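All remarks here apply to the structure that follows.
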Amino acid sequence: MKDEGSAKSEPVARAPARRRWEEEILFPLFEKKTGMQFGPTYVMRNEHKEIAAHLESIHKKVQKADPSSDREEQKLLEVLGAHNQKEEAILYPQPAVRL
């Protein structure tokens, strides 16, 4: 029997693999080609940590059937919004030009 309390949604389950791909492949390539070690990829790595912490907090509340996750959800959306804007505006255009 499957433990429903530990089940993760598809986007949450895929998040670590995507983060690993960015941090282990894409970011190092970007840093090597641009010479920026403490630029946008540094900030995005920190945002990955924030995103993971918010997801974990929400996940724990869901497991406990605690509906008071509005604050965590809002913080997650704020970090994700800023993070996605950086990826779209700064990081993703670079491979086509420099990598």
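Just so you know, all these numbers are worked out from the coordinates, no wet-lab data involved. Fair warning: this is a prediction, and the values are worked out from it, not measured in the lab. Heads up, the Cβs are rebuilt from the backbone with ideal geometry, glycines too, and the neighbour counts pull from every protein chain shown.
Ordered by the count of other Cβ atoms within 10 Å of each Cβ, fewest first, ILE58, ILE90 give ILE90, ILE58. With a Cα cut-off of under 30 Å and a minimum spacing of 8 residues unless on different chains, the lysine pairs in region 19-97 number 15.
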